[in-house]
Amino acid sequence: KFGFVLSSAIRYDGVNVFGYTVWSLLDGFEWHRGYSIRRGLFYVDFQSHDKKLMPKSSVLFYQKLIEKNGFPPLPENQPIEGIFPCGFAWGIVDNYIQVDTTPAQFIDSSVYVWDVHQTKKLIKVDGVYASKRKRHCVDFAAIRLQISLLQEMHVTHFHFSLRWSLILPLGNLSLVNHTLVHYYQCFASELLRVNITPVVALWQPMIENQELPVSLAKYGAWENTETVQAFVEYARFCFTSLGDHVKFWITMNEPSVKNLTYTAGHNLLKAHAKVWHLYDKEFRRSQKGKISIALQADWVEPACPFSRNDQEVADRILEFDIGWLAEPIFGNGDYPEVMRAWLHRINSVDLYNFHLPYFSEDEKKLIQGSFDFFALSHYTTTLVGSEKEDAVKYDHYLEVQMISDITWLHSPSRAAVVPWGLRKLLKWVKSKYGNVPIYVMANGIDDDQNMVHDKLRVYYIQNYINEALKAYTLDDVNLQGYFVYSFNDKTAPKYGLYSYVANQYEPKPSLKYYREIIGNNGFPGPETPELLCPEEVASCPECHFFRTRKSLLAFVSFIFVAFVVTIFFISYYSKRVERRYK
């Protein structure tokens, strides 16, 4: 790592460095620390009689470094030119849309007079009312503003989550917030009107009550099996109420494995599978949509690429962080074998007592294959090692050392910017779960709100999307879409493509750059072949009424034709009778 920093000092800072020496050649006596640490390129077996030497992996690395005289650019690290396929989903994310159901003045049935002489205000006339009119979507001013901001981005998809706790406050259909449901209906229909596809998550965990209705959060949340059935009924209500406008569903968005017990995760998987089958059996045919789960998936890289132990640690973390919820759905219907083996190992030495539940054969069949696509959220990459070095960053449960690489770019919140991690993650998903359609459902970085130009986010978006393009073109990953996180700073402070200051939204430079990438459908170059995409037919929400009632339309058409033919014959024979009498 120091060698990389040194080359950066020479190249970017103009430092006149003329040599570099490694400390040290052999493991030896390190002053006050004695033989407790090893700094050599060669391992010394101090217990052997002849002090046998063995080259470490660092010897091979340093040898290659000398041969190449530094760090020449690797082809896989260079940006590529190319474009994404037709119909690629370019999206933006907002965890929860801004909801303002304040009624517009146009639906107020009261009558007012204007006091032009004294107060200069409108005064309500008691007992006098005008005729009421039906509510319309244009009455929600907040929707019009958000739609106009989204149009400025030129995105094709917009991803947001519903508020289960607000739609069904009691956790069941005994109390429904119809005003909020109508707001969601209007928001989705307005998105379609401007050719933006709504991508809607039924549930996304939040800190407070996990965004569950209070009655469910109070009695165990996902630990309680009753939450599973409550979620199914809630999903049925959403499909019925919003399915005419929403064709792209997420059952659960980024369930945090860090905050899940194994029992809660077990119930969560069963709830997802039941909702997927509910949609598949009762709504897919009429609504013609798709549905899956969205998992958070950050990449984990071994600190030493030559260390088998470090690689085993990285593989273990990936299975616990991603495979825990992914393997039952996209894999064999059960939890990863690595998880079961590891928990059995640590439980056997009486350090822990963690029980990973078992699925019945029927539950395995229910969960396995309950997906239409693989949706993932990716933000950063973490380095891990097998040797304990820093007690603060050491995970005793999984026996993993978290490591910070000082050569990586970092955001103000210390999130590492590692674009190649996304490509490795996408390749990993393909290698484990086959050629499944993949959507990067959220990808973003925080910035310093005091800075006018979000240069780090521009760099982040450019390089992460380019790595996604490599995965699509070079690795043949079935990538179908990419979504930037997040829409604006009001709902996601420091992450937005729009800043929010003094009740005003202002586009950041990253928004304009993302819009340019969308317009080019990637990074076309002089030799990039032109991609001719067929014109997409504009969405028509009102057409759903007719599409789902084809038999009724056929009957009405038959009656109409019969009526026209009858009138024709009546007219024809009436004229013949008149001629006969004449």
**OP:** Filter the range 327-358 for residues that are among the hydrophobic types (A, V, I, L, M, F, W, C) and in contact (Cβ under 8 Å) with a residue 60 or more places away in the chain and give the result.
**Re:** Ile329, Phe330, Phe354, Leu356
Original post:
When the range 297-325 is examined, which residues are found to be hydrophobic (A, V, I, L, M, F, W, C) and over 21 Å from Val417 (Cβ atoms)?
Top reply: Cys304, Phe306, Val313, Phe320, Trp324, Leu325
Original post:
So, in the range 283-305, of the ones that are out of contact with any strand residue (DSSP E or B) (no Cβ under 9 Å at 6 or more places or on another chain) and open to solvent by 60 Å² or more (accessible area, probe 1.4 Å), which residue ends up farthest from Val400 (Cα to Cα)?
Top reply: Arg285
Original post:
Which one of the conditions (1) aromatic (Phe, Trp, Tyr); (2) open to solvent by 10 Å² or more (accessible area, probe 1.4 Å); (3) within 16 Å of the chain's Cα centre (by Cα) does Tyr472 fail to meet, given that it meets all the rest?
Top reply: (3)
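A quick yes/no check of all residues on (1) out of contact with any strand residue (DSSP E or B) (no Cβ under 6 Å at 6 or more places or on another chain); (2) at pLDDT 95 or above; (3) in a loop (DSSP other than H, G, I, E, B); (4) open to solvent by less than 10 Å² (accessible area, probe 1.4 Å):
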| position | (1), (2), (3), (4) |
| --- | --- |
| Lys432 | yes, yes, no, no |
| Ala442 | no, yes, no, yes |
| Asp447 | yes, no, yes, no |
| Met451 | yes, no, yes, no |
| Val458 | yes, yes, no, no |
| Glu467 | yes, yes, no, no |
| Val477 | yes, yes, yes, yes |
| Gln480 | no, yes, no, no |
| Thr491 | no, no, yes, no |
Subject >> the range 207-246: number of residues that are more than 22 Å from Glu363 (Cα to Cα) and either among the β-branched types (Val, Ile, Thr) or in contact (Cβ under 8 Å) with a residue 60 or more places away in the chain (or both) >> reply: 10
Original post:
Between residues in the range 6-34 that are over 22 Å from Gln63 (Cβ atoms) and residues that are part of a loop (DSSP other than H, G, I, E, B), which pairs lie under 8 Å by C-beta distance while being six or more apart or on different chains?
Top reply: Ala9/Val15; Ala9/Val17; Phe29/Tyr35; Glu30/Ser36; Glu30/Ile37; Glu30/Arg39
Original post:
How many residues are open to solvent by less than 10 Å² (accessible area, probe 1.4 Å) and either of a type in the set (D, E, K, R) or under 15 Å from the mean Cα position of the chain (by Cα) (or both) if we restrict to the range 233-249?
Top reply: 2
Subject >> Pick from the range 306-336, criterion outside any helix (DSSP H, G or I) and modelled with pLDDT of 95 or more, ranking: surrounded by the fewest Cβ atoms within 10 Å (Cβ to Cβ) >> reply: Asn332
Subject >> Residues located in the range 25-51, provided they are within 46 Å of the chain's Cα centre (by Cα) and open to solvent by less than 100 Å² (accessible area, probe 1.4 Å) >> reply: Ser36, Ile37, Arg38, Gly40, Leu41, Phe42, Tyr43
Subject >> Residues satisfying the stated conditions in the range 391-419, i.e. of a type in the set (D, E, K, R), within 15 Å of Asp310 (Cβ to Cβ) and assigned to a loop (DSSP other than H, G, I, E, B) >> reply: Glu399, Asp405
**OP:** Determine whether Leu202 is buried (at least 20 other Cβ atoms within 10 Å of the Cβ) and among the aliphatic types (A, V, I, L, M).
**Re:** yes
Subject >> Qualifying residues in the range 501-552 (those that are modelled with pLDDT under 65 and of a type in the set (Phe, Trp, Tyr)) - the one farthest from Ile196 (Cα to Cα) >> reply: Phe546
Original post:
Taking the range 250-282 as the region of interest, how many residues are among the hydroxyl-bearing types (Ser, Thr, Tyr), open to solvent by 10 Å² or more (accessible area, probe 1.4 Å) and closer than 22 Å to Asp94 by Cα?
Top reply: 1
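For (1) among the hydrophobic types (A, V, I, L, M, F, W, C); (2) touching a residue at least 60 places away in the same chain (Cβ under 8 Å), each residue gets a yes or a no:
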{"position": "Ser370", "(1), (2)": "no, yes"}
{"position": "Thr380", "(1), (2)": "no, yes"}
{"position": "Ala391", "(1), (2)": "yes, no"}
{"position": "Tyr394", "(1), (2)": "no, no"}
{"position": "Ser404", "(1), (2)": "no, no"}
{"position": "Arg414", "(1), (2)": "no, no"}
{"position": "Val417", "(1), (2)": "yes, no"}
{"position": "Leu422", "(1), (2)": "yes, yes"}
Original post:
When you go through Asn209, Asn195 one by one, which is the residue that is in contact with an Asp or Glu (Cβ under 8 Å, 6 or more places away or on another chain) and more than 18 Å from Ser292 (Cβ to Cβ)?
Top reply: Asn195
Original post:
Can you tell me which residue in the range 156-183 is surrounded by the most Cβ atoms within 10 Å (Cβ to Cβ), limited to those that are over 28 Å from Ile92 (Cβ atoms) and touching a residue at least 40 places away in the same chain (Cβ under 8 Å)?
Top reply: Gly171
Subject >> Given (1) at pLDDT 85 or above; (2) loosely packed, with under 13 Cβ neighbours inside 10 Å; (3) of a type in the set (Lys, Arg), number of the condition Arg11 does not satisfy >> reply: (1)
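Between Val400, Val417, which is of a type outside the set (D, E, K, R) and farther than 26 Å from Asp454 by Cα?
On the way: Val417 fails: farther than 26 Å from Asp454 by Cα.
Within the list Val400, Val417, the selection yields Val400.
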Original post:
Can you name every residue in the range 346-365 that is assigned to a helix (DSSP H, G or I) and surrounded by 12 or more Cβ atoms within 10 Å (Cβ to Cβ)?
Top reply: Ile346, Asn347, Glu363, Lys364, Lys365
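The values are calculated or read from the model by the stated rules, or taken from the named source; none is laboratory data. Keep in mind it's a predicted model, so treat the numbers as computed, not measured. In this analysis, Cβ positions are derived from the backbone assuming ideal geometry, glycine residues included, and neighbour counts consider all displayed protein chains. Accessible surface is based on the protein model in full, side chains and every heavy atom, while ligands, DNA and RNA are left aside. Shrake-Rupley method; radii C 1.70, N 1.55, O 1.52, S 1.80 Å.
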